[in-house]
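The values are calculated or read from the model by the stated rules, or taken from the named source; none is laboratory data. Only a predicted model underlies this, so the values are computations on that prediction, with no experimental measurement involved. Using ideal geometry, Cβ is built from the backbone for each residue, glycine included, and neighbour counts are taken over all protein chains shown. Side chains are part of the model used for accessible areas, which takes the heavy atoms of the whole protein and leaves out ligands, DNA and RNA. Shrake-Rupley method; radii C 1.70, N 1.55, O 1.52, S 1.80 Å.
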Amino acid sequence: MKSLNLGSVAVRVGIVLLCVLWFIPTLGLLVSSFRDEADVKSSGWWTVFTDPFNVSQWTFDSYSQVLESGMANAFVNSLVVSIPATVLPIMIAAFAAYAFTFMRFPGRNVLFMVIVGLLVVPLQVAFVPLLSLFSDYELNGTFLAVWLAHTAFGMPLAVYILRNYMAGLPHEIIESAEIDGASHFQTFWRLIVPMSVPALAAFAIFQFLWVWNDLLVALIFLGAGDNEVVTITLRDLIGDRGQEWHLLTAGAFITMTVPLLVFFSLQRYFVRGLTAGSVKG
């Protein structure tokens, strides 16, 4: 019993230490975002704690400069890009996962293996053909191009996650729905979707964070300009020679607000989905 208690204490201490190690750089970033440019470039962020109540060392200038540089417009553009690029692959993959799990058709297993095999294909190899295809339809530089690109890149993982989750659902409920005369769409919408909320929420978190923090896909298919997203604006904040790097601290915290809100909101929804989607035998 004593060894068990000691082990539990050791695990908790280890978790606390890991949390502290992760929190310290974030704290330094936050403190630096409220400091004057000269102070940031001349001394470490921890020096503020020698006189933390000295209000003269705190300023909102970095945030003002970041917002004036176009971050507000980029923030809205990132929402316009991220929300559809998260919803589209989830919707399509959910239908596909249902078909692979509960429907019988020729070549089902082969097609599923092909989709899973696409997980090992680097997304960089698709840039040139996609650019050529989008150019033919004059989609380059539009939000639709980024939506389609992120949907295509996120689809294999979404199908794989959702199909494996649906395969673990009780088939007795599906058979009961078939006996009652429910169509595939009714079974999918009224039974499978509510029971698959945990998997849907988990993928939504991953996909949204991936799209929101993405620079490469946005830079290639959207580019800079009126439609640029926060990652492109962050890249441009530092200046041509990196002389404005102190603005990255404020810009980083502005861009972190939505991912944090999405993560904690869907985390609660995820836990609620675990209990709501459970089935007692």
Next item on the list: Hey, can you tell me all the residues within the range 210-226 that are open to solvent by 50 Å² or more (accessible area, probe 1.4 Å) and at pLDDT 85 or above?
Entry: Trp210, Asn213, Leu215, Leu216, Leu219, Ile220
Next item on the list: Give the range 1-26 a look and list any residue that's modelled with pLDDT of 85 or more and open to solvent by less than 50 Å² (accessible area, probe 1.4 Å), or say none.
Entry: Gly14
Note to self: I'm trying to understand the selection: among the residues of the range 116-162, which are touching a helix residue (DSSP H, G or I) at 6+ places or on another chain (Cβ under 7 Å) and open to solvent by less than 30 Å² (accessible area, probe 1.4 Å)?
What the structure shows: Phe127, Phe134, Ala145, Val146, Ala149, His150, Thr151, Gly154, Pro156, Ala158, Val159, Leu162
Note to self: Within the range 85-110, take every residue that is farther than 18 Å from His184 by Cα and surrounded by fewer than 15 Cβ atoms within 10 Å (Cβ to Cβ) and give me the one that is modelled with the highest pLDDT.
What the structure shows: Val110
Next item on the list: Considering only the range 232-246, state which residues are in contact with a Phe, Trp or Tyr (Cβ under 9 Å, 6 or more places away or on another chain) and modelled with pLDDT of 80 or more.
Entry: Thr233, Leu237
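So that you can scan it fast, the table gives a plain yes or no per residue for (1) without any contact (Cβ under 8 Å) to a residue 60 or more places away in the chain; (2) over 20 Å from Thr233 (Cα atoms):
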| position | (1), (2) |
| --- | --- |
| Asn5 | yes, yes |
| Val16 | yes, yes |
| Trp45 | yes, yes |
| Pro52 | yes, yes |
| Val66 | no, no |
| Ser69 | no, no |
| Val80 | no, no |
| Leu88 | no, yes |
